[in-house]
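A quick write-up on the structure given underneath.
The values are calculated or read from the model by the stated rules, or taken from the named source; none is laboratory data. These figures come from a predicted structure and were not determined experimentally. In this analysis, Cβ positions are derived from the backbone assuming ideal geometry, glycine residues included, and neighbour counts consider all displayed protein chains.
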Amino acid sequence: MNWNAHKKHKREFLEQMGDWYLQDKCTGDQTVASIAAKSGEGGAATEVDYISTCCSAEPLIRCHYKDKPSLIPCNGSPPFEAKNSEKSFW
C-alpha cells in the first residue's frame, strides 16, 4: 500500500483485500481516552482492553471498487479508475 498517497484509499484497499481488522469505533482521536475511561478506576487501560475493544478476530471485509483486487466479488461497487468503468477485477 505504500505506493498510494492517500490514507483513505489505503484503508479501502486493505478492507477490500481482507487485511483490515480494526473496528470503526477505534479509528478516532478520542479512542485511547474513551477506552481508558471505560476500563475502571483511574483510567488505567491494559493492552487487553484495547485488543478486546478494537481488534476483530475476523477480517472486516468491505467492497469499495470493482476494478481493484478483492477477496470477494465487488461487482456492484464503482470503479476506482474512470478508464475501467466497465471492467471488473472478477
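Observations on the structure shown:
- Among the criteria (1) modelled with pLDDT under 90; (2) under 18 Å from Asp19 (Cα atoms), the one Lys68 does not fulfil is (1).
- Flag if Ser70 is under 18 Å from the mean Cα position of the chain (by Cα), among the small types (Gly, Ala, Ser) and farther than 11 Å from Phe13 by Cα: no
- Matching entry among Trp20, Trp3, Trp90 (being at pLDDT below 80 and in a loop (DSSP other than H, G, I, E, B)): Trp3
- Condition check for Gly76: outside any loop (DSSP other than H, G, I, E, B) and either at pLDDT 85 or above or not charged (D, E, K, R) (or both): no
- Qualifying positions in the range 51-60 - in contact with a helix residue (DSSP H, G or I) (Cβ under 9 Å, 6 or more places away or on another chain) and surrounded by fewer than 16 Cβ atoms within 10 Å (Cβ to Cβ): Cys55, Pro59, Leu60
- Residues of the range 51-67 classified as in contact with a strand residue (DSSP E or B) (Cβ under 9 Å, 6 or more places away or on another chain) and in contact (Cβ under 8 Å) with a residue 40 or more places away in the chain, total: 1
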